[in-house]
Amino acid sequence: MSTNAPPPHSATRTLTVWSVAGLVLLPPTVVLAWIVVLSTERGSRCLAYGEQCSGVPDGLTPGFFVTALVAGVLATAWPRTRWLPARSGAVAVQWAAMLTMGALILSGA
C-alpha cells in the first residue's frame with residue numbers, strides 16, 4: 001500500500017460530520033448550561049445580587065468557547081483528503097473544549 005494513498009472516504013466524511021455536529025451543538029450547550037445554572041438558588045443569587053458566583057476565572061469559559069469554535073471551523077474547512085491526523089486532532093480539540101466549557105459553566109451551579 002502506498003503512503004500517498006488518499007484516506008478512505010468514510011473517514012473524511014465521519015470527521016466532517018463530527019465537526020459540523022460540534023459546531024451545531026455549541027450554542028445549545030452554552031444556553032442549556034446557563035439555564036441549568038440560573039435555575040439554581042446559587043445562580044440566581046449571583047445574577048441578582050452578585051453573591052456566591054462561580055470561582056472560574058473570567059476569561060476561561062469564553063476562551064474554551066472560542067477554541068471550540070475555531071477548531072470546529074478549521075476541521076470543517078480543512079481539505080478533506082489531506083492531513084487526516086491533523087483534522088482528527090482539530091475535531092478532538094473542538095469536542096474537548098466544548099465539553100470543558102459546558103462543565104465550567106455548570107460548575108457555577
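The values are calculated or read from the model by the stated rules, or taken from the named source; none is laboratory data. Predicted model only: the values in this text are computed from it and were never measured. Neighbour counts run over all protein chains shown; Cβ positions are idealised from the backbone, glycine included. Please note that ligands, DNA and RNA were not included when accessible areas were found on the heavy atoms of the full protein model with its side chains. Shrake-Rupley method; radii C 1.70, N 1.55, O 1.52, S 1.80 Å.
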Original post:
Peptides 91-104, 25-38: what's the order by average Cβ count within 10 Å, highest mean first?
Top reply: 91-104, 25-38
Original post:
Which order do Leu23, Leu74 take when ranked by solvent-accessible area (1.4 Å probe, heavy atoms of all protein chains), largest first?
Top reply: Leu74, Leu23
**OP:** Can you quote the Å³ per residue value for the convex hull of the Cα atoms in the chain, rounded to an integer?
**Re:** 90
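I'd like the carbon and sulfur percentage of the solvent accessible area for the chain, probe radius 1.4 Å, heavy atoms only, ligands and nucleic acids excluded. It would help to have the intermediate numbers written out before the result.
Values: 4840 of 6790 Å².
Accessible surface attributable to carbon and sulfur in the chain totals 71 percent.
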Original post:
Helix 60-77 sits at what angle to the longest principal axis of the chain, using alpha carbons and giving 0 to 90 degrees rounded to 10?
Top reply: 20
Original post:
In nm, what is the difference between 0.36 nm times the number of residues separating Ser39 and Ser107 and their Cα-Cα distance?
Top reply: 23.2 nm
**OP:** Place a +1 charge on the Cβ of each Lys and Arg in the chain and a -1 charge on the Cβ of each Asp and Glu, then give the dipole magnitude about the Cα centre in debye, rounded to the nearest 20.
**Re:** 480
Original post:
Any idea how far apart Ser10 and Arg80 come out in nm if each label point goes 7 Å out from Cα toward Cβ?
Top reply: 1.6
**OP:** Given the options Ser39, Ser88, Ser19, state which has the largest fluctuation in a GNM of the chain using a 10 Å cut-off (strictly under) for Cα springs.
**Re:** Ser39
